[in-house]
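Undergrad: Below are the structure tokens for one structure; questions will follow.
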Amino acid sequence: MIKTFIAGVLLGVAAVGAALYFIPVVDQTRESSLINVIPNVGNEEVFHANIPTDRIMIGAPKQATPLPVGLDWPDDALLADSRAELFKIRNARDAVVGVASRIAASSETGELVEWVLHLPARGSVYLLMQSGLQDGGMRLGALRAGTHEFADLRGEASEQWIADTSGADDAPAGRIELRARFASIGGRQSQ
Amino acid sequence: MKYLAALLVGMFCGAAALAVVLYYNPFVVSNNLSPLSVTDSEVVHLSYSAAASDSFIYTNDGESQISPHPAKVLQLWEPTVRQTSARVTQLFDGRGSAAGFGVKFSSASERTSLLDGEILVDSVWHIYLPERGSLFIEQTENYWNYARDIVVPAYRSSGNNWRGIWLGNITHGPGALGTAWVAGGNGQFAGIDMEAVEALSAKAYSVADGPVGVSGEITVELQRRERAQSLSSEVQPVPQGQ
């Protein structure tokens, strides 16, 4: 019986070890990437945030109605000219695929508009946008840095407010559309 | 029948023995020394409180141990973001003065391996310092030592809490020496790639509320780095006035 017990100990060690090795502790849920290939440009992917339903936070001084309720954003001079927003980000199929932050500010260092898109199963992108708007209210920008799936990519992006015209009762007021056109630069070691 | 019982008891003992070995794994050591602590370059120190209630907002799936703050903040319940948390918090400089704010997104990493003593989290910081500029920090964090030294003892405590003094780096990569990668965005940091390390300093942890006496510190080394080669490459000083 001692031999059976020892065999059981070894079996227990092997079984738990194998389970820890082969069964992933973390398994992120993935949505299929919806990508258009633009000839001589790269891959285009469109994300959007429905407004107001996907807006998590507006961080700005002196808001009459804070979002979320209970937010205590500092009212000091340091952050007087800055605005931070958080959103859930959706793909073209309107499924939530990540979260994003948008920071806009004007200060001695100049005006800035930036996005960080965090897509848990894929990686993150850091977008630097131009301060001025193009015709149609579009703002252009560029990919500054990316992680994981986006680490080897370079390219451009745009943001645009698109008002809802469906007239449906439950329709959002509109959406902020982010159009990313990235291409692989190759050659850089992945992280 | 008694042989089956011996086998089952043996398997249980074997599984328990492996768990104990992994928990007390002597090859997993605390990482208290930052690779940036010996740098000659200028560094930026930013600190924040890791308590959710001290953040402007903290949100997750709403079912995790740490409750979202404020209570009515939109929660990340969708399947693709269920293992993600978002924090917006004020950042303080080395003298304790307000320096700006940061947004941190953290997601459980699929590269987590309990066999290797790695509870990994992929996170990014989006930081804005009004008087200096903006930064993007990419890092993989390892919470193994934090869990082993603080969280598990808190659960084992009769009072369901932990009190003590704990300091450790949580940055685990992607830099070769366990540093985070930093991309400068605007202002003084525009166009510069740098490295950083994030550390946690814990004094109290509650099973009910999570970290209640925990502060974080981000150290950014202001020295240009080649990203592909990371620490192995020649470094160049940041140009004056940038």
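Undergrad: What's the total number of residues in region A:38-75 that are surrounded by fewer than 16 Cβ atoms within 10 Å (Cβ to Cβ), within 11 Å of chain B (Cβ to nearest Cβ) and under 29 Å from A:A183 (Cα atoms)?
TA: Looking only at that region, the number is 0.
Undergrad: Among the residues of region A:5-32 satisfying the criterion of being among the β-branched types (V, I, T) and farther than 30 Å from A:L67 by Cα, which is farthest from the chain's Cα centre (by Cα)?
TA: Only one residue tops the list, namely A:I6.
Undergrad: Then there's this: Can you spot a residue in region A:6-22 that is facing chain B (nearest Cβ under 7 Å), over 30 Å from B:A98 (Cβ atoms), touching a strand residue (DSSP E or B) at 6+ places or on another chain (Cβ under 7 Å) and open to solvent by less than 30 Å² (accessible area, probe 1.4 Å)?
TA: Looking for residues that are facing chain B (nearest Cβ under 7 Å), over 30 Å from B:A98 (Cβ atoms), touching a strand residue (DSSP E or B) at 6+ places or on another chain (Cβ under 7 Å) and open to solvent by less than 30 Å² (accessible area, probe 1.4 Å), one finds none in region A:6-22, hence no.
Undergrad: Something else: Do we have A:R122 as open to solvent by 30 Å² or more (accessible area, probe 1.4 Å), under 24 Å from A:V96 (Cβ atoms) and either modelled with pLDDT of 95 or more or in contact with a strand residue (DSSP E or B) (Cβ under 9 Å, 6 or more places away or on another chain) (or both) here?
TA: The answer is yes for A:R122.
Undergrad: Next question. Can you pull out the residues in region A:77-98 that are within 9 Å of chain B (Cβ to nearest Cβ), in contact with a strand residue (DSSP E or B) (Cβ under 8 Å, 6 or more places away or on another chain) and within 19 Å of B:S134 (Cα to Cα)?
TA: Matches in region A:77-98: A:L78, A:L79, A:D81, A:S82, A:A84, A:L86.
Undergrad: Mind listing just one residue for me: the one in region B:86-95 that is touching a residue at least 12 places away in the same chain (Cβ under 8 Å) and open to solvent by 20 Å² or more (accessible area, probe 1.4 Å) and, of those, farthest from the other protein chains (Cβ to nearest Cβ)? If you could, list the steps in order and put the result at the bottom.
TA: So in region B:86-95, the residues touching a residue at least 12 places away in the same chain (Cβ under 8 Å) come out as B:86-94.
Keeping just the survivors that are open to solvent by 20 Å² or more (accessible area, probe 1.4 Å) gives B:87, B:90, B:92-94.
Details: B:R87: 10, B:Q90: 7, B:F92: 11, B:D93: 11, B:G94: 16 Å.
Among them, the one singled out is B:G94.
Undergrad: Restricting attention to region B:99-121, does a residue exist that is under 14 Å from B:V220 (Cα atoms), at pLDDT 95 or above and among the β-branched types (V, I, T)?
TA: Within region B:99-121, none of the residues are under 14 Å from B:V220 (Cα atoms), at pLDDT 95 or above and among the β-branched types (V, I, T).
Undergrad: Taking the conditions exactly as written (assigned to a strand (DSSP E or B) and either more than 18 Å from B:S85 (Cα to Cα) or open to solvent by 10 Å² or more (accessible area, probe 1.4 Å) (or both)), does A:L127 satisfy them or not? Let's see the steps before the verdict.
TA: Details: assigned to a strand (DSSP E or B): yes; either more than 18 Å from B:S85 (Cα to Cα) or open to solvent by 10 Å² or more (accessible area, probe 1.4 Å) (or both): yes.
Here the answer is yes, as A:L127 does meet what is asked.
Conditions tested, residue by residue: (1) among the charged types (D, E, K, R); (2) within 13 Å of another protein chain (Cβ to nearest Cβ); (3) closer than 16 Å to A:Q28 by Cα.
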residue	(1), (2), (3)
B:V44	no, no, no
B:F56	no, yes, no
B:Q65	no, no, no
B:P79	no, yes, yes
B:S109	no, yes, yes
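Undergrad: If you don't mind, there's one more thing I want to ask. When the residues of region B:19-55 are narrowed to those that are free of Cβ contacts under 8 Å to residues at least 60 places away in the same chain and either of a type in the set (D, E, K, R) or in contact with a Gly (Cβ under 6 Å, 6 or more places away or on another chain) (or both), which ends up surrounded by the most Cβ atoms within 10 Å (Cβ to Cβ)?
TA: This residue is B:D54.
Yes or no, residue by residue, for (1) at pLDDT below 85; (2) out of contact with any strand residue (DSSP E or B) (no Cβ under 6 Å at 6 or more places or on another chain); (3) closer than 30 Å to B:L135 by Cβ:
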{"residue": "B:G10", "(1), (2), (3)": "no, yes, no"}
{"residue": "B:G14", "(1), (2), (3)": "no, yes, no"}
{"residue": "B:L18", "(1), (2), (3)": "no, yes, no"}
{"residue": "B:S37", "(1), (2), (3)": "yes, yes, yes"}
{"residue": "B:S41", "(1), (2), (3)": "yes, no, yes"}
{"residue": "B:H45", "(1), (2), (3)": "no, no, yes"}
{"residue": "B:S49", "(1), (2), (3)": "no, no, yes"}
{"residue": "B:A52", "(1), (2), (3)": "no, no, yes"}
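Undergrad: Another question, then. Residues to consider are A:I2, A:I35; find the one that is within 27 Å of the chain's Cα centre (by Cα), surrounded by fewer than 18 Cβ atoms within 10 Å (Cβ to Cβ) and at negative phi.
TA: None of the other options fit; the residue is A:I35.
Undergrad: Also, quick follow-up: Evaluate region A:81-96: report whether one residue or more is among the hydroxyl-bearing types (S, T, Y) and open to solvent by 30 Å² or more (accessible area, probe 1.4 Å).
TA: Checked against the condition, which is being among the hydroxyl-bearing types (S, T, Y) and open to solvent by 30 Å² or more (accessible area, probe 1.4 Å), region A:81-96 yields no hits at all.
The values are calculated or read from the model by the stated rules, or taken from the named source; none is laboratory data. Everything quoted here is computed from the prediction, not taken from an experiment. Glycine gets a Cβ as well: all are built from the backbone with ideal geometry, and neighbour counts include every protein chain shown. Note: accessible area is taken over every heavy atom of the protein model, side chains too, but ligands, DNA and RNA are not part of it. Shrake-Rupley method; radii C 1.70, N 1.55, O 1.52, S 1.80 Å.
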